[in-house]
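The next block holds one structure in the form of structure tokens; read it before the comments.
None of the figures in this text is laboratory data; all of them are computed from the coordinates on show. On a predicted model such as this, the values are computed, not experimentally measured, just so you know. Heads up, the Cβs are rebuilt from the backbone with ideal geometry, glycines too, and the neighbour counts pull from every protein chain shown.
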Amino acid sequence: MTTSGTPKKLVVAGALGVVGRAVVEHFAKRTGLEVVGLARRSADFAPQVTWVSADLRDPEATRRALAPHRDATHLVYAALNEQTNLVQGWRDAANAALNTEMLKHTLAALEGAPLQHVSLLQGTKAYGVHTGRPMRVPAREQDALRDHTNFYFDQQDLVEQHAQRSGCAWTAWRPQIVLGVALGSAMNPVAALGAYAVIQRERGLPLQPVGHPQLLTECTDARLIAQAIDWSWGQPHAHGRAFNITNGDIIVWSTLWPRMAQLFGMALGEPSEERLRDFMPAQADVWQRLAERDGLRINDLDTLMGLSWQYAEATFASRKTLPVPPIVSTVQLRQAGFHACIDTEECIVEHLQIMQAHRYLPR
């Protein structure tokens, strides 16, 4: 495989998701690099970026959308199709096949382009964490399991085949719970935390911790993923490999709630047994009232949250815990030379403050 030369044009598929947005914002600052954001919805940030609307499930629509960008030198593929029942969809063979087809359509539309590098987003579902089975702890990259429904490996096979034909390089990324800013995302725990807090405050209630009080896990700042992608372009020993990536620390969610209460000016209440995915969507009227009063940019709760209530329930807010926390090893990435890290608690607070600055959340 060739090494990545000077980047000229970057296509980001799934540019409005948590990872995609962070990648767009990171590279939009780069002089001499044109960034193309590919998404189904319209964007409300990064006006200097070339925004393209396309449904990657449609091969012809994908081909037309990318036809003007067949001079792309880099591709970051962070697009996802999720089902209405999020967790069930993770184990659905038809949904897995559709996600594979979406990448196939994208690569086909860029066939013949001078691609130097493809970045592929995966996650810890590569280790079967979503199947209910305990995974090896810490999970190393070589512990990935291909014995369950999962589009990660079919997508990786597609990228490898494309690389063999074209000579481009590729790197796959396996983050833990991703923290960042996005609207309508299927998996945005920061939005879930923030919206939960301000709705509780609007209802005159204290901030009541939800979920298992001692749930322990790792997270990954989406900005860190963008930095790692940037780093990987010029690192031949990062090519043709998959890497776990995390913030570099571990968080027990119970330690976050006092900091959240302080940020939103709330009293800290007793733990709640409420399930966010069941209870919070019913607060749409409360959200609309406070959004209109405080001049927020999004007054529809579903538009802000997407499927993220479900994701929050499946991750930090679940009362069910696995026998062993799903922790991964990032030794391989550090040995390869990427050492950036961030404190997870600070990361969450920073993203909540960014959402406040964008008027997605009230101050």
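The chymotrypsin sites (Phe, Trp or Tyr not before Pro) of segment 263-307 include none that DSSP puts in a loop with a beta carbon having at most 14 other beta carbons within 10 Å.
Just from its helices, what would the mean residue ellipticity at 222 nm be for the chain, if runs of 4 or more DSSP H residues each count -39500 (n - 2.57) and the sum is divided by every residue, rounded to the nearest 500 deg cm²/dmol? Mind dumping the intermediate values first?
Details: 14 runs with 136 residues, N = 363.
Dividing the helical sum by the residues of the chain leaves -11000 deg cm²/dmol.
Evaluated with a Cβ-only charge set (Lys, Arg +1; Asp, Glu -1), the chain carries a dipole of roughly 400 debye about its Cα centre, given to the nearest 20. Here is the size of segment 221-325 from its Cα atoms: Rg then Dmax, 18.6, 53 Å.
Mind counting lysine pairs for me in the chain? Cα separation below 28 Å, and the two need to be 8 or more apart along the chain or on different chains.
So the count of such lysine pairs works out to 6.
Panel order for Lys125, Lys29, Lys104, Lys8, by other beta carbons found within 10 Å of each beta carbon, from fewest to most: Lys29, Lys8, Lys104, Lys125.
The residues Val252, Val76, when put in order of fewest to most other Cβ atoms within 10 Å, stand as Val252, Val76. Across the chain, C-alpha contacts under 8 Å between residues 6 or more apart give a mean separation that, scaled by the residue count, equals a relative contact order of 20 percent.
Segment 14-32 and segment 68-110 have Cα centres separated by 18 Å. For the pair segment 295-363 / segment 215-274, the C-alpha centres are spaced 6 Å from each other.
All Cα-Cα distances of the chain, cut into 20 Å bins from zero to the largest, leave 30, 59, 11, 0 percent in each bin in turn. Sorting Leu75, Leu86, Leu121 by the number of Cβ atoms found within 10 Å of their own Cβ, with the fewest placed first, yields Leu86, Leu121, Leu75. What's the local net charge at Ala61, with K and R +1, D and E -1, over the other residues with C-beta under 11 Å away? Charge balance near Ala61 sits at +1. Shape class of segment 53-174 from the alpha-carbon gyration tensor: oblate, with a/c at 1.5 or above and b/c at least as large as a/b.
Working value for segment 1-63: equivalent-ellipsoid semi-axes of 20, 16, 10 Å, each the square root of 5 times a Cα gyration tensor eigenvalue, largest first. In this rough spin-label picture, where each label sits 7 Å from Cα along the Cβ direction, the Thr255-Asp300 distance is 4.0 nm.
In the chain, which longest range has no GluC sites (Glu not before Pro) that are both DSSP loop (not H, G, I, E or B) and surrounded by at most 16 other Cβ atoms within 10 Å? Of all site-free stretches, the longest is 112-272.
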